[in-house]
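**Student:** Structure provided below as structure tokens; questions to follow.
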Amino acid sequence: MTKKPPRSTAALPSLPFQYPRVLSIAGSDSGGGAGIQADLKTFSALGCFGMTAITAITAQNTCGVTAIHPVPAEILAQQIDAVVSDIGVDAVKIGMLHDPAVVKVVAQAIKRYQWPRVVLDPVMVATSGDRLIAQETIAVLVGELFPLATVVTPNLDEAALLLGRAVEIEAHLADAAQDLLQLGAPAILLKGGHLSGAEMVDILLQPGQQLLRMANARIASRNTHGTGCTLSSAIACYLALGHDLADAVQLARSYVYQAILHGADVRTGHGHGPLNHGYAPLPLQKLPIAPAA
């Protein structure tokens, strides 16, 4: 296929606004509940302009994952470069990264483009229990990407893989988050949704700051596929809109809670259904473009 030269932008008029631009670097979910599909739904619902760089194509539905086809690392790099060179990026959400070469491409992009807002969701286990990451990738993910992220958002299964021990009760959350910080992350949002009990408890830990405990009443629902993808995407949106990390996390948790609540009575498929991402969508927001220095 012959490549077309990029169009010149020299004649474009000067305009005062731009949309908040959020890039998802993640895998595709053919069932539409998680991955880049959930990310784009979240970006749109929260008034942000969504873009994607796809890391893998999966065959999956509400019951599980049946196949994963990796996208070559060089194609991922070209997707990222195409988006950044033309549209630009205000915040990044990183999801499924299946092998070390892909992790390195993403790390190089963060360094090259100096992205200031990076939400790393270390996707390792699907809601169905299917493992989504090769063992050899975990060490590279921790070494290369944890220090470059704004926040890392593991659930308890992912924390167990990262730490080599189970995190089974709320009393273990603080120590687990502290140990995850020691792996190099600037901040940890440890998601406790897999704990038993009437509450869903998450904690945010940032160095030198008091631990922030956040809790909601547990919603009885099978429709929780893509919850982690949606939460990390919502955090990226709120960061792109100018909120600090603690506020972005709390606003994102509220959005996810309502999306679960509004989708709890809907049947989609025969397994874990999706959230209701569009329960109260916002129009695309407009941010003033800062004058060139």
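**Student:** Identify all residues within the stretch 34-50 that are open to solvent by less than 50 Å² (accessible area, probe 1.4 Å), within 15 Å of Tyr238 (Cα to Cα) and not charged (D, E, K, R); write none if there are none.
**Tutor:** Result: Thr42, Phe43, Ala45, Leu46, Gly47, Cys48, Gly50.
**Student:** Could you say whether any residue in the stretch 1-19 is surrounded by fewer than 17 Cβ atoms within 10 Å (Cβ to Cβ), β-branched (Val, Ile, Thr) and either out of contact with any Phe, Trp or Tyr (no Cβ under 6 Å at 6 or more places or on another chain) or modelled with pLDDT of 95 or more (or both)?
**Tutor:** The answer is yes, given that some residue of the stretch 1-19 is surrounded by fewer than 17 Cβ atoms within 10 Å (Cβ to Cβ), β-branched (Val, Ile, Thr) and either out of contact with any Phe, Trp or Tyr (no Cβ under 6 Å at 6 or more places or on another chain) or modelled with pLDDT of 95 or more (or both).
**Student:** Moving on. Which residue is nearest to Gly228 (Cα to Cα), if the candidates are limited to the stretch 155-183 and must be in contact (Cβ under 8 Å) with a residue 24 or more places away in the chain and open to solvent by 30 Å² or more (accessible area, probe 1.4 Å)?
**Tutor:** My answer is Asp157.
**Student:** Just checking, does the stretch 259-270 include any residue being crowded, with 16+ Cβ neighbours inside 10 Å, of a type in the set (A, V, I, L, M, F, W, C), in contact with a helix residue (DSSP H, G or I) (Cβ under 8 Å, 6 or more places away or on another chain) and part of a helix (DSSP H, G or I)?
**Tutor:** Initial filter on the stretch 259-270 (crowded, with 16+ Cβ neighbours inside 10 Å): 259-264, 268-269.
When the remaining residues are screened for being of a type in the set (A, V, I, L, M, F, W, C), the result is 259-261, 264.
Those left that are additionally in contact with a helix residue (DSSP H, G or I) (Cβ under 8 Å, 6 or more places away or on another chain): 259-260.
Restricting the remaining residues to those that are part of a helix (DSSP H, G or I) gives 259-260.
Yes, because at least one residue in the stretch 259-270 is crowded, with 16+ Cβ neighbours inside 10 Å, of a type in the set (A, V, I, L, M, F, W, C), in contact with a helix residue (DSSP H, G or I) (Cβ under 8 Å, 6 or more places away or on another chain) and part of a helix (DSSP H, G or I).
**Student:** Take Leu239 and tell me if it is aliphatic (A, V, I, L, M), at pLDDT 95 or above and outside any helix (DSSP H, G or I).
**Tutor:** no
**Student:** Output the residues belonging to the stretch 261-276 that are farther than 19 Å from Asp29 by Cα and not hydrophobic (A, V, I, L, M, F, W, C).
**Tutor:** Answer for the stretch 261-276, where residues must be farther than 19 Å from Asp29 by Cα and not hydrophobic (A, V, I, L, M, F, W, C): His262, Asp265.
**Student:** Do we have any residue at all in the stretch 219-226 that's among the β-branched types (Val, Ile, Thr), in a strand (DSSP E or B) and crowded, with 20+ Cβ neighbours inside 10 Å?
**Tutor:** Applying the first criterion (among the β-branched types (Val, Ile, Thr)) to the stretch 219-226 yields 219, 224.
From what's left, in a strand (DSSP E or B): none.
Looking through the stretch 219-226, none of the residues is among the β-branched types (Val, Ile, Thr), in a strand (DSSP E or B) and crowded, with 20+ Cβ neighbours inside 10 Å.
**Student:** Say whether the condition of being more than 14 Å from the chain's Cα centre (by Cα), in contact (Cβ under 8 Å) with a residue 24 or more places away in the chain and over 17 Å from Leu23 (Cα atoms) is met by at least one residue in the stretch 77-87.
**Tutor:** No, the stretch 77-87 contains no residue that is more than 14 Å from the chain's Cα centre (by Cα), in contact (Cβ under 8 Å) with a residue 24 or more places away in the chain and over 17 Å from Leu23 (Cα atoms).
**Student:** Sticking with this structure for a sec: Between a first residue in the stretch 103-123 that is touching a residue at least 12 places away in the same chain (Cβ under 8 Å) and a second residue that is open to solvent by less than 10 Å² (accessible area, probe 1.4 Å) and among the aromatic types (Phe, Trp, Tyr), which pairs have beta carbons less than 8 Å apart while being 6 or more apart in sequence or on different chains?
**Tutor:** Correct list of pairs: Leu120/Phe146.
**Student:** Check whether at least one residue in the stretch 220-237 is on the phi > 0 side of the Ramachandran plot and not polar (S, T, N, Q), and report yes or no.
**Tutor:** yes
**Student:** On to the next question. Of the conditions (1) among the small types (Gly, Ala, Ser); (2) in contact with a strand residue (DSSP E or B) (Cβ under 7 Å, 6 or more places away or on another chain); (3) under 17 Å from Asp39 (Cβ atoms), Gly278 satisfies every one except a single condition; which number is it?
**Tutor:** (2)
The values are calculated or read from the model by the stated rules, or taken from the named source; none is laboratory data. Source: prediction; values computed, not measured. With ideal geometry, Cβ positions are generated from the backbone for all residues, glycine too; neighbour counts draw on all protein chains shown. Heavy atoms of the whole protein, side chains included, go into the accessibility calculation; ligands, DNA and RNA do not. Shrake-Rupley method; radii C 1.70, N 1.55, O 1.52, S 1.80 Å.
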